Amino acid sequence: MLLCPRQTQGSDTVNKKSTPFAPRLAPWAVCWLLAAALVGVLARPAPSPAVEPAQAAVRQPGEPARTPRETPAAQPLSAGASGDLRIVLKKSAPAEGTPRVGGAASFEAKVYRGEAELSPDAYECRWRSDGGARFLDPAGPFTNTAIFLRPGRERVWVEVVPRSGPSAGLAAVSEPVALDVAQPNFGLAASPAAPLVGEETTVAIRDFPVHDGVEFRWDPLPAHAKLVRVGERSLTFYPTEAKPVAVKVAAMAAGGGKQAAPLGKANIDVVARSYQVTVDNRGLLDTPATVWRDGEGPVAASGVAVGQRVGLRAAVTPTPPNPPLAYAWGLCPGAKAAGGEDTREITASRRETGPCQATVEVRDARGLLLGRGKGEFSVDVSQAELDAAAERAREVDRLVRDGAKAWAEGDPDRAAGEAGQAVRLSPKDAAAVAALDRIARDKGRLDSYLGRAASALAADDFDEASAMLDEAAKVNPKAAAIPAARQAIEARKETLGRIGKFLAQARDKWEAGEVEAALGLAGRAQELDPGHGEAKAARERYVAARDRLIAALKQSAAYLAAKRFDSAAKALDDARAVSPKFKAVAEMEAAIAARKQRAWSLDERLARARDQWNAGDADAALATVSEAAALDPEHQGAAHARKNLALARDNLAKAEERAETALGKGKLDEARSALADAAKINPRHPRIAELQTSVAHRAGRDQRLAALAAEAARRNAAGDLDGALLAISDMQALAPADPAVAAERAKLARARDAVQDALTRTRDFLAARRFDLALAALAEAEKVNTKLPTVAEWRQKVLAEKNRAEAELTTTLGQAAKLAEAKDFDGARRLLDAARDAGPLPPPLAAKAKELERRVAAGRQTQEAARREQDNRGKATISATADADRTARCQELGKQATAKRAAGDHAGAIRDYQALLTLCPDTCQAYNNVGTSLYSLGYTAESLPWFDEAVKCAPKEALYRENAALTRTRLAAPQPPKPGEAGPSCAAAFETAETRRGGGDLAGAAEGYKAVVARCPDFCAAYNNLGLTLHKQGRTPEALPFFEQALRCNPQDNLFKENYELTVKRLRTAEKRP
């Protein structure tokens, strides 16, 4: 087959791949391929050079021409005639491989003058070789195909002459192209390929590429093959044995003599087959023997018994063509055979059990061994089995007799067993079956009477039990179970008597108040018969009564300890109703009476002390309380009242002294404050009224203070917190020591700070497009004061921005839907990502975005399937385009992630880096940057696997190794405290908490995070990780405030935002669940 490279007019490249020559071609295929190659050569107008063709040594510009070793007969033109013409000859196909005899190669010539290629239309080529090649077109075209006729080295060159002009002589000669031609590749074919012994087989030569000038020489056949005839290109023989027959042939050039080297050789091994010979077992020829089978009795044997005859028959496939056939049989030792007239079928027998192999050899009329066969028959029944059958019959008779004897001796079970064994040995034996039926029927009646007697005994019906035993004795008076049952009746009567005695004693003990003794006697009665109903009920009744008694006494004691005497008495009545003579009931009754009397006396003194205190007599009240405490030193109320009265009296005296001192110094506010403190302690103390009268004349400032207070209230109600705070400051100037004024000013200052903080958060949330959080912050401000105009303005602004954002999101989703309808799923995906990056979507838009995202994902899958199908059609081009797209996308994601990291959006950067690694998993820097972002967010333990992955990706990168080593060091041991510090720094404490969380100590980690935020309130990651730790502990509601605090700490961090939103969503979902 000729190699034809794919070329087009004016193209500069040709496909590198070439199709090698087929190793074996039929003559008609060679002719067809040569004709096709010739048509292809004539049809190409101007083929372009192939990529890296086999090329001869060609003269370069300015290099003197080299003469081939064999110069053509024509004379070269003079320098004036040909100028600097040169010919370049190339082998264009096949690009690789060695041609064989009968194979072909394509060549291409080009004409150059200097460095310029000339048109071939003005010249004609004359193709030349060393004589071992034939050209499709010896003269004319600049492309040609040569067919090689002999092996060895063969040179090909071309002579170029002008088609017209002043001289028709030789214009130029190319350098020769030398090729090594291999021997032809041909083979032999046998028909039939696997002959039977004695069957004629013809071996023919196939796929020899040259038809003229070749003769074939066959090697002699081996001894186990007989030659029939020899043709021009074939040989016929038949094998005499089932062995391989080696057939060899050599192709020689005609007239080359016996010493000439062959053009090629071929051989084939023809494997001869034997005929298929089988031995069929015709089966048993005699009546089957009788054997004994357990469970069935005497049965016909399924196999051959010793001494019985078996038929054997030989068969040959296919039928041999040279009858008559001769059969030679062989049997195993100890077997006998008898044959027919042609010995094809025999009978065999044997006196031993086991398989017996039979062999046969078959030969035809020429004495050739056509094949061997074997079969077998098996003797399965021995003489011992025949003898055992007779012995088993005698055994059945003995078992029937033994069964009748056992019944007469009063042993029904043994009788049934003997009869059953006889039936199992021989189910069809009439005597055994009748004996078993009779014994089974009588045993059933006997068992029925005994069972009914046992049931009556269980119900304590002794008359019925005795009657059933009498009926059983009529069936078999010697049955051993009957006297045993009568003894059981007497024993049961005795047991019931003892149980009645114990129960009567238990009743007496209970009525006497001996609860545990009564319970013990009832237990002994139940031990005699755990199933006895009366004993069981009595014990359960005593246990329940004891439990009620103890519970009532405990309740009464508890009421007594709490001084609830009526409830204690009522609980004691419940205990008395259970057992009035129980000793602990009387003791509890006495204790209640004593405690009740002492409590009445104590309460009377405490009431008198309260009246004395309310009347302003503090000293008398303290003395009375001291008497009450002496009555009951353990009474907490009395001791506490005495302590409080003593402290109040001292504080009252101190407040009055301070008021008197301040009044003396002219400090009326301080005096009023001290008198107010004293009045809070005891407003009726006489000394307070005296001091208040002294201060009254100095109260002129009160009117001014009241006016300022009214102004502050008015401004606060109008939403003017600054004006209200200014009025309170004026009041504090008039009364600097007034704690109420100071408290009011502090309250207003806190309210103003809370409003400013809420407005600041509103501004930040609005900038982050978190309208829900902005509205929540405004709601906090409105809780402080609903009339604040600034809050109303901000609410209108947030709602307007929210409506505008939702309108933009609606427009964006609409555009994304249109892009999805137009099959631009990547554009739709980008718009969806842009919509989500803008902030959380409202529920209606989120549902719409989710549905659109599903459509986009489905469309992208469809496009991906179409793209994969297109890849199968043009894999190389599409693969390059896909790689370029993926590279561009990876670069875009890398730039986007870098920008987010620079802006502090580490969560967004992590998502972009993960998307980049999905597309380009060999981007080592992305692994490192994910770890860096996690580390920056405080996730030290989570960052280590990413640093390790970066090291695996680029082991020689020092930065990646240093990051991994630093992270491991910080995880292994917290940083020591700096000199002069009381404890570890916030960063070190955070690392310690991280280590605990990574090790599974969630409780310890939570405490560590709390310590960090307590010391460093601006440590945002600690709030977030504390929320994560609580969430892992299942304390999601407690985690929400910390997520919110992390978001307040850094509203620009998307990770904090996502954790907060996800937690809110989970809590709302949990509330909606039933």
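The values are calculated or read from the model by the stated rules, or taken from the named source; none is laboratory data. Computed from a predicted model, the values in this text were never measured in an experiment. Cβ sites come from the backbone with ideal geometry, for glycine too, and all protein chains shown count toward neighbours.
In the set Ala1003, Ala1046, Ala1021, only one residue is hydrophobic (A, V, I, L, M, F, W, C), farther than 20 Å from Gly904 by Cβ and assigned to a helix (DSSP H, G or I); that residue is Ala1003.
One residue stands out among those in the stretch 719-750 that are in a loop (DSSP other than H, G, I, E, B) and at pLDDT below 75: the one that is farthest from Arg672 (Cα to Cα), which is Gly719. Restricted to the stretch 652-704, and to residues there that are small (Gly, Ala, Ser) and not in a helix (DSSP H, G or I), the residue that is modelled with the lowest pLDDT is Gly700. In the stretch 497-520, the qualifying residues are those that are of a type in the set (A, V, I, L, M, F, W, C) and crowded, with 16+ Cβ neighbours inside 10 Å, and the one that is nearest to Leu549 (Cα to Cα) is Val515.
Looking only at residues in the stretch 1007-1039 that are closer than 18 Å to Phe1056 by Cβ and touching a Ser or Thr at 6+ places or on another chain (Cβ under 8 Å), the one that is surrounded by the most Cβ atoms within 10 Å (Cβ to Cβ) is Tyr1009. Pairs are defined by a Cβ separation below 7 Å, a sequence spacing of at least 6 or placement on different chains, a first member in the stretch 616-630 that is free of Cβ contacts under 8 Å to residues at least 60 places away in the same chain, and a second member that is in a helix (DSSP H, G or I) and surrounded by fewer than 18 Cβ atoms within 10 Å (Cβ to Cβ); the pairs so defined are Leu622/Ala646; Thr624/Arg608; Ala629/Ala639. The requirement of being at pLDDT 85 or above and either over 32 Å from the mean Cα position of the chain (by Cα) or closer than 14 Å to Ala1006 by Cβ (or both) is fulfilled somewhere in the stretch 1049-1064, by at least one residue. Just to be sure, is Ala194 under 60 Å from the mean Cα position of the chain (by Cα) and surrounded by fewer than 16 Cβ atoms within 10 Å (Cβ to Cβ)? Here the answer is yes, as Ala194 does meet what is asked.
Would you confirm whether any residue within the stretch 474-481 is over 60 Å from the mean Cα position of the chain (by Cα), at pLDDT 85 or above and surrounded by 14 or more Cβ atoms within 10 Å (Cβ to Cβ)? No, the stretch 474-481 contains no residue that is over 60 Å from the mean Cα position of the chain (by Cα), at pLDDT 85 or above and surrounded by 14 or more Cβ atoms within 10 Å (Cβ to Cβ). All of Pro412, Pro427, Pro477 fail the test of being in contact with a Lys or Arg (Cβ under 6 Å, 6 or more places away or on another chain) and not aliphatic (A, V, I, L, M), apart from Pro412.
From the list Leu832, Leu809, the one residue that fits, being within 14 Å of Gly859 (Cβ to Cβ) and not charged (D, E, K, R), is Leu832. Filtered by the rule that a residue be part of a helix (DSSP H, G or I) and crowded, with 16+ Cβ neighbours inside 10 Å, the stretch 521-544 gives Leu521, Ala522, Gly523, Arg524, Ala525, Gln526, Ala535, Ala538, Arg539, Tyr542. The residues in the stretch 231-266 that are surrounded by fewer than 18 Cβ atoms within 10 Å (Cβ to Cβ), modelled with pLDDT under 90 and assigned to a strand (DSSP E or B) can be counted, and the count is 3.
In the stretch 783-798, the residue that is modelled with the lowest pLDDT out of those that are buried (at least 16 other Cβ atoms within 10 Å of the Cβ) and in a helix (DSSP H, G or I) is Val784.
Being more than 17 Å from Gly371 (Cα to Cα), outside any strand (DSSP E or B) and without any contact (Cβ under 8 Å) to a residue 60 or more places away in the chain: is that true of Thr287 here?
Details: more than 17 Å from Gly371 (Cα to Cα): yes; outside any strand (DSSP E or B): yes; without any contact (Cβ under 8 Å) to a residue 60 or more places away in the chain: yes.
Against the criterion (more than 17 Å from Gly371 (Cα to Cα), outside any strand (DSSP E or B) and without any contact (Cβ under 8 Å) to a residue 60 or more places away in the chain), Thr287 qualifies.
Would you pick out the residues in the stretch 1050-1067 that are part of a loop (DSSP other than H, G, I, E, B) and within 14 Å of Arg769 (Cβ to Cβ)?
Going residue by residue through the stretch 1050-1067, those that are part of a loop (DSSP other than H, G, I, E, B) are 1050-1053.
Residues satisfying the conditions are Pro1051, Gln1052.
All of Asp885, Asp833 fail the test of being within 30 Å of Ser936 (Cα to Cα), modelled with pLDDT of 80 or more and in a helix (DSSP H, G or I), apart from Asp833. Filtered by the rule that a residue be at pLDDT 85 or above and either part of a loop (DSSP other than H, G, I, E, B) or surrounded by 14 or more Cβ atoms within 10 Å (Cβ to Cβ) (or both), the stretch 799-812 gives Leu799, Thr810, Thr812. The sole residue among Gly938, Gly908, Gly931, Gly894 that is in contact (Cβ under 8 Å) with a residue 40 or more places away in the chain, part of a helix (DSSP H, G or I) and in the same structural domain as Ala1046 (by TED's automatic domain parsing) is Gly908. Go through the stretch 572-630 and give me each residue that's touching a Ser or Thr at 6+ places or on another chain (Cβ under 7 Å), of a type in the set (A, V, I, L, M) and either more than 26 Å from Arg546 (Cβ to Cβ) or not in a helix (DSSP H, G or I) (or both). The one that is touching a Ser or Thr at 6+ places or on another chain (Cβ under 7 Å), of a type in the set (A, V, I, L, M) and either more than 26 Å from Arg546 (Cβ to Cβ) or not in a helix (DSSP H, G or I) (or both): Ala609.
Checking the condition touching an Asp or Glu at 6+ places or on another chain (Cβ under 7 Å) and at pLDDT 90 or above, which residue from Cys332, Cys356 passes? First the steps, then the outcome.
Values: Cys332 fails: touching an Asp or Glu at 6+ places or on another chain (Cβ under 7 Å).
From the options Cys332, Cys356, the qualifying one is Cys356.
Residue count for the stretch 898-915 under the criterion of being under 25 Å from Ala965 (Cβ atoms) and buried (at least 22 other Cβ atoms within 10 Å of the Cβ): the result is 4. Residues in the stretch 943-951 include at least one that is closer than 30 Å to Ala972 by Cα, in contact with a Gly (Cβ under 9 Å, 6 or more places away or on another chain), surrounded by fewer than 17 Cβ atoms within 10 Å (Cβ to Cβ) and not polar (S, T, N, Q).
Residues satisfying the criterion are present in the stretch 850-864 (criterion: out of contact with any strand residue (DSSP E or B) (no Cβ under 9 Å at 6 or more places or on another chain) and in contact (Cβ under 8 Å) with a residue 40 or more places away in the chain). Of the residues making up the stretch 452-464, none is under 22 Å from Glu409 (Cβ atoms), surrounded by 14 or more Cβ atoms within 10 Å (Cβ to Cβ), of a type in the set (D, E, K, R) and over 60 Å from the mean Cα position of the chain (by Cα). The single condition among (1) among the aliphatic types (A, V, I, L, M); (2) outside any loop (DSSP other than H, G, I, E, B); (3) within 26 Å of Ala440 (Cβ to Cβ) that Ala479 does not satisfy is (2).
Which of the residues belonging to the stretch 776-807 are over 30 Å from Leu721 (Cα atoms) and without any contact (Cβ under 8 Å) to a residue 12 or more places away in the chain? I'd like the intermediate steps shown before the answer.
First, the residues of the stretch 776-807 that are over 30 Å from Leu721 (Cα atoms): 803-807.
Result: Asn803, Arg804, Ala807.
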